[in-house]
Amino acid sequence: MNRGEITLRVSRMLGIPVGTSDDEVDEAALLDELANEAVLDILSRTRIHVRRAQSTLNTGSTDFDISDVLTIVGGIRSIGSDGEKLMVEQKRDELSPGGYAFAGLSRVVLGAPSTGETLDYWYVPRPTPMTLDAHDPSDRTYGRIPTEHHRAILNYMCWHAADKAGDQGAGRGEKYRTAYEGKDGFAAIGSDLGRIKTQINFLGSKVRVGRQRETLVGDTDPSYWQG
């Protein structure tokens, strides 16, 4: 569904009139805003759209900007003349070479000045807001949320618009909130966000991901306890 179809569905579900009168234009503007908010919330709370980026730093750089990034997924790798290595996230005031820290929402600080290496990472990109009814949230530009998960957008919009509509039957949006994020708000299985996360986790589920057991002191020195 494109933005126009989504907002029309919500207006019908909640009985919100949209048209050409001043009040109806205001109602339509509210629904358009909620549609963009829904896309942002879904992207921020799931890995439904992930891209890979490589940022080449200027020599001597001690930080870099990620204003177009909603979330970095996993770690950051450094690719330089000495090869590729995984950087370690650390406290900002205790950074060491090879470490990094998030100084704020859109700034990453490095533990040592850059020597011109490239940083490699996966991230959730910030979408372009939908401004026309023809804009579709399933397009990469506007969020890349597949059509089968557009119900999450509908329920988010109904949740926040129910108060405006005076929808007592929905418990002022509580019914839609529960459908969207679960009763406890943590994307429980069965909620819209829960289904998205489950589908992502089970994508390609034929592969078992194993973890190497940590090496204990007793593995290398059977008599370590003797002092």
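Every number here is computed from the coordinates shown, using simple stated rules; none is lab data. What you are looking at is a predicted structure, and each value in this text was computed from that prediction instead of being measured. So basically every Cβ, Gly included, is an ideal-geometry build from the backbone, and we count neighbours across all protein chains shown.
Can you give the translational diffusion coefficient of the chain in µm²/s, computed by Stokes-Einstein from the Kirkwood radius over Cα pairs at 20 °C and 1.002 mPa s?
Translational D for this selection: 103 µm²/s.
Restricting to DSSP H runs of at least four residues, report the calculated mean residue ellipticity at 222 nm for the chain, -39500 (n - 2.57) per run over all residues, nearest 500 deg cm²/dmol.
About -10000 deg cm²/dmol.
Express the Stokes-Einstein translational diffusion coefficient of segment 51-125 in µm² s⁻¹, to the nearest whole number, given a Kirkwood radius over alpha-carbon pairs, 20 °C and a viscosity of 1.002 mPa s.
D = 174 µm²/s.
Among the trypsin sites (Lys or Arg not before Pro) in segment 9-118, which ones are in a DSSP loop with at most 10 other Cβ atoms within 10 Å of the Cβ? Mind listing them?
Here the sparse-neighbourhood loop sites are LYS91.
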